[in-house]
Amino acid sequence: MLIKVLIFIGIVSGAILAWIGNIYFPGQYFYQISLTLWTIAGAYLFVKVLSAKFLLRKIDDKLVRYSLNKIITILSAAVAIAIILHVWFPDTQSLVVAVGVISAGIVIALQDVIRNFAGGILILTGNLYHVGDRIEIAGETGDVMDIGIMNTTMMELRGWINGDQATGRLTSIPNGKVITTQLHNYTKDHSFLWDEIMIPVTYSSDWRKAKEVMLDIVRRETEQIVKEADAEIERIGETYYLPKRMVEPAVYLTPTDNWISFHVRYVTRIKDRRAFRSRLSEMILEKVQEYPDISISSTTATITLANSPADAFSRREQ
């Protein structure tokens, strides 16, 4: 709070000095500088002090408080910019010409900045993602923590971690990426996704029993999630064209050269994916060990040593 007060005092002091300068040196733009600083001081006082102390602090929901603070900041900045432009260009024709010249220069010199600003407006108005959503954009995956006018800040996921868990790094993504790259939002309209576990089983195993054992475990563990996912799919179908999807767990078999691949498919809550996948894997492995006619396979290599006379002669020659 002390820092905010000091900043406000500094802006007001600058405005007062400019006002005094206008008295002693009229016609040197001190008047416009003074009004500009007074405008900035008023906007700063409203956004950082008055709204934060008397309005935002009364809101308990963090997401609502964050969103309202962003709206107040953007509107205050827009009003302040409009007032400052009017101060420096009181004549309408001069204002139009000045805005046109300035805009042309800005478009050429600040293309990336403009693209990021346009992306920020698109995010805020286009419902692309919100704070708390899990997204993937420009090759980065994370949970959105802040949506600014120019950048989006998120807690990075995966990275050097082999799973959907945070690395601890904060990643800043330019908002212009939503215009130029593909965006994946994992949590926009539903809270689940499909996941798979691959378990290799030997050909000598009773594969029918193995399939039934795995299916029983997954059905039991996903019973509640399946009901929630089915209800969410029905709700999504009211907004988008979405053909009926099977949310019941299933086990698919693929014969390979070395084993039978059991692909266990199921639905899981998006933010519980890694923990739920680990728990299912443990339960399946523990249950399979109870059956002597079911064996988990692994990659093996067979080495054959030849000991013919020709081989012995070849070794002596060497």
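The values are calculated or read from the model by the stated rules, or taken from the named source; none is laboratory data. Predicted, not measured: the structure shown is a model, and the values here were computed from it. Ideal geometry is used to build each Cβ from the backbone, glycine not excepted, and the neighbour counts take in all protein chains shown. Please note that ligands, DNA and RNA were not included when accessible areas were found on the heavy atoms of the full protein model with its side chains. Shrake-Rupley method; radii C 1.70, N 1.55, O 1.52, S 1.80 Å.
Just name one of Val218, Ile33, Ile135: the one whose Cα is farthest towards the positive end of the charge dipole of the chain (beta-carbon charges, Lys/Arg +1, Asp/Glu -1). Result: Ile33. Can you bin region 188-261 into rounded, prolate or oblate? Criterion: square roots of the alpha carbon gyration tensor eigenvalues sorted a ≥ b ≥ c, rounded for a/c under 1.5, prolate for a/b above b/c, oblate for the rest. Because a/c hits 1.5 or more and a/b exceeds b/c, region 188-261 counts as prolate. Leaving out ligands, DNA and RNA, what percent of the accessible area of the chain is carbon and sulfur, probe 1.4 Å? That fraction is 60 percent. Only one of (1) 1.23; (2) 1.07; (3) 0.97 was calculated from the structure for Rg/Rh (Cα atoms, Kirkwood Rh), and its label is (1). Measuring r between the beta carbons of Ile81 and Arg269 and using R0 = 41 Å, the FRET efficiency lands at 0.40.
Helix screen, the chain: DSSP H segments with Cα axial length of 18 Å or more and mean Kyte-Doolittle hydropathy at least 1.0 are 2-24, 62-88, 92-109. Just list whichever of Lys188/Lys227; Lys188/Lys211; Lys62/Lys227; Lys58/Lys271; Lys53/Lys271 have alpha carbons separated by over 25 Å in the model shown. As for pairs spanning more than 25 Å Cα to Cα, those are Lys188/Lys211; Lys62/Lys227; Lys58/Lys271; Lys53/Lys271. A Förster radius of 41 Å combined with the Cβ-Cβ distance from Glu282 to Thr180 puts the calculated FRET efficiency at roughly 0.45. Cross-link partners of Lys209 among lysines, defined as those whose alpha carbon lies under 16 angstrom from its own and excluding same-chain residues fewer than eight positions apart: Lys287.
Label reach from Met198 (point 7 Å along Cα→C-beta): in region 224-255, amide nitrogens under 16 Å belong to 251-255.
In the chain, the DSSP-assigned H stretches of four residues or longer account for a calculated mean residue ellipticity at 222 nm of -16500 deg cm²/dmol, using -39500 (n - 2.57) per stretch and the full residue count as denominator. Between Ile74 and Ile3, the FRET efficiency estimated from the beta carbon spacing at R0 = 25 angstrom works out to 0.65.
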